[in-house]
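Colleague: Please read through the structure below; I'll follow up with questions.
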Amino acid sequence: VRLAKGAGLGDALAVADPRAWLALDAGVREVDRYRPGHRPRWEHITSLCADPASLDEPRLAIALCHRDGRIRERALRRAAAYPALLPLVVIRAADWAEPVREHARGLLREVLGVDTAVALAPLILLVGRRDRADAAVRLLAEVLRTAPRERLSPLFGHPDRSVRRFAYRVAVEEGLLSPARLASAAARDEDAVVQGLCGEAALGALAEEGADEDVLAPLLGARSPRVRAIGVTALRRAGQPGRAEGFLADRSALVRACARYVVRQYGTDPLPWYRRRCAEADDPELPPGAAIGLAECGERADAGLLWALLAHPSPRVRARAVAGVRALDVTDVPRLLPLLDDPAPGVVREATAALLPSARSLDAGRLTANLAADRPRHVRVAAFRLLDARGGLVRLRTAVALLEDPDDRLRSRAEQSLQGWHATADVPRGAAEVAELLHRSRRLLSDHVLRRRAWEAGLGG
């Protein structure tokens with residue numbers, strides 16, 4: 001409507017936003033069902049003449065989005081004279097009408113240079129998700145492949161990750177970036193696709209050109225585990241297995257696995273290293289990854305070293321030690337039970353996971369005491385998980401007891417448990433307690449489901 005009144009493009013829409021152009025394209029054809037004739041709103045303000053030569057820029061923008069394909073095609077004949085309308089030419093290059101589509105594609109081939117390609121790349125890639133839009137994407141790739149590296153810099157830092165992915169993919173295919181620049185991009189970018197693309201490209205270049213600290217340092221120091229893993233793998237090609245030992249206790253399982261692979265390639269067994277580190281149970285600097293790393297490549301007998309770490313002052317070490325014991329399939333319930341009261345939530349979560357298979361053998365009274373409102377939340381959640389895993393009457397009691405709990409998430413989990421509860425063989429048939437508990441939970445169950453649960457518990461229909 002503002003364009004129909006003669007407003008400039010910048011006054012009518014956010015021209016820097018690709019989605020604003022798509023909204024304009026759809027909005028021009030949107031019918032106003034509350035006015036006579038059921039026409040678009042702008043048609044009540046102005047009408048477009050048959051000759052596009054007499055249209056100014058705002059009305060030519062409307063013509064390029066018109067519901068009549070013949071008007072769209074005629075408007076394309078003048079679009080080249082208005083560079084600000086090139087985004088609409090991009091949209092028309094995916095038009096459903098073949099004459100319009102082919103005309104727009106021909107126009108794009110004529111006007112798309114490096115500067116316009118960089119400016120229009122976000123819109124071209126956004127429209128590229130549609131049918132019949134591949135031609136504009138291919139044209140964009142052709143132009144960018146011939147562009148100097150410095151002209152592509154805005155795309156490498158673009159906030160739209162699809163734009164960054166496309167730009168880096170073109171740069172890798174054409175060899176536009178140095179290995180050091182690729183490594184830096186892999187370490188800096190937050191998108192996993194860009195990390196993998198640039199990291200693998202840097203790794204390939206490192207294999208061809210030899211060890212380069214400008215490439216290794218960013219990869220090894222990256223926050224992303226995937227990028228660090230690429231850097232650790234590169235140490236094998238660089239002939240530096242000693243540096244890989246420093247990543248045997250990395251916080252990421254992927255990085256630890258790559259580090260073990262590298263040191264083994266040079267004839268070193270990583271298991272003695274893990275055993276030596278974990279034997280230092282009083283070392284305050286012991287990395288948590290050493291405990292779980294020992295479990296990843298050790299034997300069940302190594303659980304003895306991990307049990308000693310349950311008293312370590314670092315909660316992360318304690319948590320990883322419990323996870324390691326579970327990975328080795330060694331369960332000692334008396335040793336694990338005290339960890340349910342650990343002040344660190346991570347330790348309690350790991351202990352709970354290790355005890356779940358033994359939930360039916362645990363003392364229900366002790367676990368119920370941990371549900372008290374004055375207990376830390378992570379302790380209460382662990383107690384609920386273990387009591388819920390017992391099933392039967394204990395599960396029903398626990399869930400009903402939490403129906404009025406002030407903790408929203410815990411209360412929600414209790415409600416879900418109730419809705420999925422079924423009587424098991426250990427539930428006393430016809431027990432009055434079961435009848436009372438089901439009655440208290442009736443607001444969560446339909447009449448049919450409630451009667452079904454009562455029948456399962458031997459309470460009749």
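The values are calculated or read from the model by the stated rules, or taken from the named source; none is laboratory data. For clarity, every value in this text was computed on a predicted model and none was experimentally measured. Glycine also receives a Cβ, built like all others from the backbone with ideal geometry; neighbour counts cover every protein chain displayed. All accessible areas refer to the heavy atoms of the entire protein, side chains included, with ligands and DNA or RNA removed. Shrake-Rupley method; radii C 1.70, N 1.55, O 1.52, S 1.80 Å.
Colleague: Looking only at residues that are charged (D, E, K, R) and in contact with a helix residue (DSSP H, G or I) (Cβ under 6 Å, 6 or more places away or on another chain) in segment 190-220, which one is modelled with the highest pLDDT? Can you show your working first?
Modeller: Here is the first cut: in segment 190-220, the ones charged (D, E, K, R) are 190-191, 200, 208-209, 212-214.
Of the ones still in play, those that are also in contact with a helix residue (DSSP H, G or I) (Cβ under 6 Å, 6 or more places away or on another chain) are 191, 214.
On the way: ASP191: 95, ASP214: 89.
Checking each candidate, the answer is ASP191.
Colleague: For segment 444-460, enumerate the residues that are open to solvent by 30 Å² or more (accessible area, probe 1.4 Å) and closer than 18 Å to ALA414 by Cα.
Modeller: LEU444, SER446, VAL449, LEU450, listed by residue number.
Residue by residue, here is whether (1) β-branched (Val, Ile, Thr); (2) surrounded by fewer than 16 Cβ atoms within 10 Å (Cβ to Cβ); (3) touching a residue at least 60 places away in the same chain (Cβ under 8 Å) holds:
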position	(1), (2), (3)
ARG78	no, no, no
PRO83	no, yes, no
ALA93	no, no, no
TRP96	no, yes, no
ARG101	no, no, no
LEU108	no, no, no
GLY113	no, yes, no
VAL118	yes, no, no
ASP131	no, yes, no
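Colleague: Go over the candidates LEU371, LEU362 one by one and state the one that is over 29 Å from the mean Cα position of the chain (by Cα), under 30 Å from ALA301 (Cβ atoms) and buried (at least 16 other Cβ atoms within 10 Å of the Cβ). Quick ask: steps written out before the conclusion?
Modeller: Details: LEU371 fails: under 30 Å from ALA301 (Cβ atoms).
None of the others qualify; the one that does is LEU362.
Colleague: Six or more apart or on different chains, Cβ under 8 Å: which pairs go from a residue in segment 15-29 that's in a helix (DSSP H, G or I) to one that's charged (D, E, K, R)? Could you list them?
Modeller: VAL28/ARG67
Colleague: Would you say CYS278 is buried (at least 18 other Cβ atoms within 10 Å of the Cβ), touching a helix residue (DSSP H, G or I) at 6+ places or on another chain (Cβ under 6 Å) and under 28 Å from ASP341 (Cβ atoms)? Let's see the steps before the verdict.
Modeller: On the way: buried (at least 18 other Cβ atoms within 10 Å of the Cβ): yes; touching a helix residue (DSSP H, G or I) at 6+ places or on another chain (Cβ under 6 Å): yes; under 28 Å from ASP341 (Cβ atoms): yes.
It is true that CYS278 is buried (at least 18 other Cβ atoms within 10 Å of the Cβ), touching a helix residue (DSSP H, G or I) at 6+ places or on another chain (Cβ under 6 Å) and under 28 Å from ASP341 (Cβ atoms).
Colleague: I would also like to ask the following. Could you give every pair whose Cβ atoms fall below 7 Å, whose first residue belongs to segment 149-175 and is farther than 17 Å from THR116 by Cβ, and whose second residue is in a loop (DSSP other than H, G, I, E, B), counting only separations of at least 6 or pairs across chains?
Modeller: These pairs meet every condition: ARG149/LEU176; ARG149/LEU177; ARG161/ASP191; ARG164/HIS158; ARG164/ASP189; ARG164/ASP191; ARG165/ASP191; ALA171/LEU177.
Colleague: Would you confirm, using the coordinates I've provided, whether LEU356 is at pLDDT below 90, among the hydrophobic types (A, V, I, L, M, F, W, C) and open to solvent by 50 Å² or more (accessible area, probe 1.4 Å)? Talk me through it step by step, then tell me what you get.
Modeller: Working: at pLDDT below 90: no; among the hydrophobic types (A, V, I, L, M, F, W, C): yes; open to solvent by 50 Å² or more (accessible area, probe 1.4 Å): yes.
Answer is no for this residue.
Colleague: Shifting gears a bit: So, in segment 407-443, exactly how many residues are under 15 Å from ALA389 (Cβ atoms), in contact with a Leu (Cβ under 9 Å, 6 or more places away or on another chain) and either among the basic types (Lys, Arg) or loosely packed, with under 12 Cβ neighbours inside 10 Å (or both)?
Modeller: Counting residues in segment 407-443 that are under 15 Å from ALA389 (Cβ atoms), in contact with a Leu (Cβ under 9 Å, 6 or more places away or on another chain) and either among the basic types (Lys, Arg) or loosely packed, with under 12 Cβ neighbours inside 10 Å (or both) gives 2.
Colleague: Specify which of the listed residues (SER184, SER252) is touching a Pro at 6+ places or on another chain (Cβ under 7 Å) and open to solvent by 20 Å² or more (accessible area, probe 1.4 Å).
Modeller: Values: SER252 fails: open to solvent by 20 Å² or more (accessible area, probe 1.4 Å).
Criteria check complete, one pass: SER184.
Colleague: Could I ask something else about it? Here are the criteria: (1) under 29 Å from the mean Cα position of the chain (by Cα); (2) open to solvent by 40 Å² or more (accessible area, probe 1.4 Å). Tell me which single one PHE247 does not satisfy.
Modeller: PHE247 satisfies every listed condition except (2).
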